[in-house]
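The values are calculated or read from the model by the stated rules, or taken from the named source; none is laboratory data. Given the structure is predicted, the values throughout are model-derived calculations rather than measurements. No Cβ is skipped: glycine too gets one built from the backbone with ideal geometry, and neighbour counts run over all protein chains shown.
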Amino acid sequence: MKPDFAPDAAATRNRLALTVAADSTSVVRIAVTGDIDAMSADQMHKSVIDALRRHRPMRIDVDMRAVTFLDSAGIRCLLVCRHDCSKMECGFVLLDPQPMARQVLRVTALEEHFGLAPSAG
């Protein structure tokens with residue numbers, strides 16, 4: 001039997017996948033794939049908290065090259081994660097955001113806040 005409704009657009013979007021890797025230099029790298037939005041922000045935040053508790057790193061690098069969407073809930077999540085890291089005297093840096101995510105960070109004046117050099121435009 002076929003469902004008599006179309007799937008919700010949000011349900012068909014990329015889900016969030018996180019890969020956490022710790023190295024011997026006290027840096028944890030979290031590779032993010034998919035959307036950082038209201039549906040996934042809690043998952044992202046829990047991964048950062050878990051990395052802080054397990055590894056006690058000096059810095060968390062968030063690889064954003066595969067982030068496909070970033071909304072206000074995602075921005076809030078990143079800000080909360082950065083705040084949690086700072087309470088633990090841990091740096092929180094965003095790496096290689098895609099142009100869409102970079103534009104969101106630029107428009108919200110958060111590039112430098114997250115360790116990114118300001119972009120032109």
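Counting the residues of segment 80-115 that are assigned to a helix (DSSP H, G or I) and either closer than 17 Å to residue 16 by Cβ or aromatic (Phe, Trp, Tyr) (or both) gives 6.
For (1) without any contact (Cβ under 8 Å) to a residue 12 or more places away in the chain; (2) farther than 21 Å from residue 66 by Cα; (3) surrounded by fewer than 14 Cβ atoms within 10 Å (Cβ to Cβ); (4) of a type in the set (Asp, Glu), each residue gets a yes or a no:
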position: 83; (1), (2), (3), (4): yes, yes, yes, no
position: 87; (1), (2), (3), (4): yes, yes, yes, no
position: 90; (1), (2), (3), (4): no, yes, no, no
position: 94; (1), (2), (3), (4): no, no, no, no
position: 97; (1), (2), (3), (4): no, no, no, no
position: 102; (1), (2), (3), (4): no, no, no, no
position: 108; (1), (2), (3), (4): no, no, yes, no
position: 111; (1), (2), (3), (4): yes, no, no, yes
position: 117; (1), (2), (3), (4): yes, no, yes, no
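Residue count for segment 17-37 satisfying the condition of being at pLDDT below 95, in contact with a helix residue (DSSP H, G or I) (Cβ under 8 Å, 6 or more places away or on another chain) and either surrounded by 15 or more Cβ atoms within 10 Å (Cβ to Cβ) or farther than 22 Å from residue 89 by Cα (or both): 3. The residue that is surrounded by the fewest Cβ atoms within 10 Å (Cβ to Cβ), among those in segment 50-75 that are basic (Lys, Arg) and part of a helix (DSSP H, G or I), is 53. Answer yes or no: is there a residue in segment 61-69 that is more than 16 Å from residue 16 (Cβ to Cβ), touching a helix residue (DSSP H, G or I) at 6+ places or on another chain (Cβ under 8 Å), in contact (Cβ under 8 Å) with a residue 12 or more places away in the chain and not charged (D, E, K, R). No - not one qualifying residue is present in segment 61-69.
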